[in-house]
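Structure, as structure tokens:
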Amino acid sequence: MSYIKAEQILPEELIRQIQEHVDGVYIYIPRKPGTRRAWGEKTGYNAELKIRNDCIRNDYVAGESVTVLSRRYHLSEKSIRRILQK
């Protein structure tokens, strides 16, 4: 995560008020409720995992064993079973 200088985005008076509480330290300002993104939403990785998991389920229904799927997708058998349960 990168940071932005307060002087670039906050009014001078607000900066002075913040300095009354903390001076010269980094602070984290959380997102507003309801604006937080889901995990993987920004990178698209979430969608990639859904496609992969759908392929695993389809291969299993087509008769592939958990062991074969584990080797093919480079996942543990436990992970394959977890995907198949959902």
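The values are calculated or read from the model by the stated rules, or taken from the named source; none is laboratory data. Computed from a predicted model, the values in this text were never measured in an experiment. Glycine also receives a Cβ, built like all others from the backbone with ideal geometry; neighbour counts cover every protein chain displayed.
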Are any of the residues in segment 1-13 part of a helix (DSSP H, G or I) and among the aliphatic types (A, V, I, L, M)? yes
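From the list R72, R16, R57, R81, exactly one residue is in contact (Cβ under 8 Å) with a residue 24 or more places away in the chain and over 22 Å from the mean Cα position of the chain (by Cα). Which is it? Explain how you work it out, then say what you get.
Working: R72 fails: in contact (Cβ under 8 Å) with a residue 24 or more places away in the chain; R16 fails: in contact (Cβ under 8 Å) with a residue 24 or more places away in the chain; R81 fails: in contact (Cβ under 8 Å) with a residue 24 or more places away in the chain.
Going through R72, R16, R57, R81 in turn, the sole match is R57.
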Among the residues of segment 20-60, count how many are of a type in the set (D, E, K, R) and surrounded by 11 or more Cβ atoms within 10 Å (Cβ to Cβ). 7
Just one of the numbered conditions (1) surrounded by fewer than 13 Cβ atoms within 10 Å (Cβ to Cβ); (2) in contact with a helix residue (DSSP H, G or I) (Cβ under 7 Å, 6 or more places away or on another chain) is not true of A6; which one? (1)
Those residues that are modelled with pLDDT under 85 and among the small types (G, A, S), I need them from segment 1-25; list them, please. S2
Kindly provide the set of residues from segment 56-86 that are farther than 19 Å from N46 by Cβ and among the small types (G, A, S), ordered by number. A62, G63, S65, S70, S76
